[in-house]
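Report on the structure given below.
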């Protein structure tokens, strides 16, 4: 006991010396950084890493610190890991590397819907309807492997090979294929076709690296078919590259017309003008938007509206008008930091509010960032609850946000998204909980996969062209029985009242999905647009005096 009492002061003295030495190092370390705030942050990080009682994951600590700092700023300043950066960039870059198949998981098996045209799988001999059961001798069917793990086995660098084992209808034994991976295009243009004589329709799903090329090619093809007027569908388009949006807007505007400008606290104002070499500076133009149209979609629709070049039809857009600058970090992770705001030609800010101002106590509390983020996320739900998606009269803009279009002096509003010139309410009567559950639990896609697998050959034989299919194919009771049966299997009990109410939409959706699997997305949208209220309203406006009258009168 006495020995312990004698040793304790000695040990404490040694510990004190060690701590004093570490604190001296901390002081020197902190002085390397400029501002007091940075000294404080780096001193804390250094202390935790070197003095904390247990070992710590330094990388995880830094990641969490960055995430928490960005959470105090705005909803679009974000941190992404190296893997997340790669996944995020693939759709915008316009390609990824893999085997090139559209597929659907059905009964724990990968069913090939369509091999990509001239892609690696098609070149190797893979056919629509094939079931891939093994990859490099590893079974992927019947073993409960999730889709992400399967994708990791199929994707890989260009030029590498992968061995696939395939079961094919009508063939007793498995077939083996060696597929050489290649770059697989990711298209940002979903559909481009003549919706009526003289009227073209183009749907863009994102603004990526290849959007301008795809859009120009589609415009050229439609003009060759006699297009004079255009419906540009940006419904559900969440944005992407600003340059792609500027290039698209340029197609409709005259030389030196302002498309958009950006400005921030440090970033000085930058103006982006039309070059004037666009291919459709005349003719009627309608841009379709909804509550999911954001960012680059709002740049295009805002420019078209402010310059009175065309009409915006649909519902108020999302309201994402913040410019992010990507900042690459040493481990290939990335910060996307908001550095400026987008403004339409008339000076309207596209960005909807994200700061809490009404509740002073909350605004000053530590949970301010979390509460702001929550309210921002729930904005679309609140729009639905307030009735905004069903009636334009439910939207109230203060006079302080009032602005004028630049040529016709029509009244438009800022402060959160682009308000359409012609409002189209969402049709809630078509959607039921029963249909939503069928879709979310995979019953709809499983039904189509089974139907196509059993009937692909006979459908191709009966309908040589899409036009014949579109005019002649009807969804019969047998297909509807299959849907209800699969619904029961995946846990969606039959609800007759909701089934009957949603039946017209479900039948259209099933027909469209069959068209997609037999042909492509272009044909899918030709079927689906027959029930799209915004598309039908746009056609009505173009074919009547309403187009000219709306552009002439102050709104």
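Tell me the angle of helix 496-518 to the major Cα principal axis of the chain, expressed in degrees between 0 and 90 and rounded to the nearest ten.
Once rounded, one gets 90 degrees.
Would you kindly give the portion of the calculated P(r) for the range 182-308 that falls above 25 Å, as a percent of all Cα pairs? Intermediate values should be presented prior to the final figure.
Values: 1696 of 8001 pairs.
For the range 182-308, the share of Cα pairs beyond 25 Å comes to 21 percent.
Hey, how many Å between the Cα centroid of the range 480-519 and the Cα centroid of the range 277-330?
Answer, in whole Å: 34.
Grab the beta carbon distance between residue 266 and residue 440, set R0 = 45 Å, and tell me the FRET efficiency rounded to 0.05.
With a Förster radius of 45 Å, E is 0.55.
Can you tell me, using C-alpha contacts under 8 Å and at least 6 residues apart, the relative contact order of the range 272-362 as a whole percent? Please report the intermediate quantities before stating the final value.
Working: 119 pairs, mean separation 21.5, N = 91.
The normalised contact order for the range 272-362 reaches 24 percent.
So for the range 95-185, considering every pair of alpha-carbon atoms, how many percent are separated by more than 17 Å? Kindly include the intermediate steps, with their values, before the conclusion.
Working: 1717 of 4095 pairs.
Summing the P(r) of the range 95-185 above 17 Å gives 42 percent of all pairs.
For the chain, what is the mean residue ellipticity at 222 nm derived from helices alone (per DSSP H run of n ≥ 4: -39500 (n - 2.57); sum divided by total residues; nearest 500 deg cm²/dmol)? Write out the running numbers ahead of the final one.
Numbers: 20 runs with 237 residues, N = 555.
Helix-only estimate at 222 nm: -13000 deg cm²/dmol.
Taking the alpha carbon gyration tensor of the range 40-167, what are the square roots of 5 times its eigenvalues, largest first, to the nearest whole Å? Mind dumping the intermediate values first?
Values: eigenvalues 359, 64, 35 Å².
Ellipsoid semi-axes (Å, largest first): 42, 18, 13.
Between residue 277 and residue 546, how high is the FRET efficiency from 1/(1 + (r/R0)^6) when r is the Cβ-Cβ distance and R₀ = 41 Å? Nearest 0.05. Walk me through the numbers before you get to the answer.
Working: r = 31 Å, r/R0 = 0.75.
Calculated transfer efficiency: 0.85.
How do 370-382, 501-513 rank on mean C-beta neighbours within 10 Å, highest first? Walk me through the intermediate numbers first.
Working: 370-382: 13.8, 501-513: 18.7.
Taking the mean over residues of other Cβ atoms within 10 Å, the ranking is 501-513, 370-382.
Given that compact globular proteins tend to follow 2.2 N^0.38 Å, what is the ratio of the alpha-carbon Rg of the chain to that value? Before the final figure, lay out the partial values.
Details: Rg = 28.6 Å, N = 555, 2.2 N^0.38 = 24.3 Å.
Dividing the Cα radius of gyration by 2.2 N^0.38 Å gives 1.18.
Per 0.36 nm of contour for each residue apart, how much would the distance between residue 409 and residue 138 grow if the chain were fully extended, relative to their Cα-Cα spacing?
Numbers: separation 271, 0.36 × 271 = 97.56 nm, distance 6.59 nm.
Contour length minus Cα-Cα distance gives 91.0 nm.
Report the relative contact order of the range 95-185, percent, no decimals, based on alpha-carbon pairs under 8 angstrom and at least 6 residues apart. Kindly include the intermediate steps, with their values, before the conclusion.
Values: 197 pairs, mean separation 31.4, N = 91.
Computed value for the range 95-185: 35 percent relative contact order.
Ranked from highest to lowest mean number of other Cβ atoms within 10 Å per residue, what is the order of the peptides 224-231, 384-391? All intermediate terms of the calculation are to be shown ahead of the outcome.
Working: 224-231: 17.6, 384-391: 14.9.
Sorting 224-231, 384-391 by mean packing, highest first, produces 224-231, 384-391.
Could you order peptides 269-278, 68-77 by the average number of other Cβ atoms within 10 Å of their residues, highest first? Could you put the intermediate results ahead of the total?
Values: 269-278: 14.6, 68-77: 16.4.
Peptide ranking by packing, descending: 68-77, 269-278.
Using a ≥ b ≥ c from the Cα gyration tensor of the range 409-491 (square roots of the eigenvalues), is it rounded, prolate or oblate, where a/c under 1.5 gives rounded and otherwise the larger of a/b and b/c decides, a/b for prolate?
oblate
Report the per residue volume, in Å³, of the convex hull enclosing the C-alpha atoms of the range 278-328. Each step should come with its number before you reach the end.
Working: hull volume 5.3 nm³, N = 51.
Dividing the Cα hull volume of the range 278-328 by its residues yields 104 Å³.
Determine the equivalent ellipsoid of the range 224-270 by diagonalising the alpha-carbon gyration tensor, then write out the semi-axes as square roots of 5 times the eigenvalues, largest first, rounded to whole Å.
Details: eigenvalues 152, 48, 11 Å².
They are 28, 15, 7 Å, listed largest first.
In percent, how large is the relative contact order of the chain, given Cα pairs closer than 8 Å and 6 or more residues apart?
On the way: 952 pairs, mean separation 62.1, N = 555.
This gives 11 percent for the chain.
I need the Debye-formula profile for the range 429-537: one equal scatterer per C-alpha, no solvent, reported as log10 I(q)/I(0) at q = 0.19, 0.20, 0.22 1/Å, two decimals.
With no solvent term, the Cα-only Debye profile gives -1.00, -1.09, -1.27.
No lab work stands behind these numbers, since they all come straight from the coordinates. Bear in mind the structure is a predicted one, so any value in this text is a computation, not a measurement. Cβ coordinates were reconstructed from backbone atoms using ideal geometry, including for glycine residues, and neighbour counts include every protein chain displayed.
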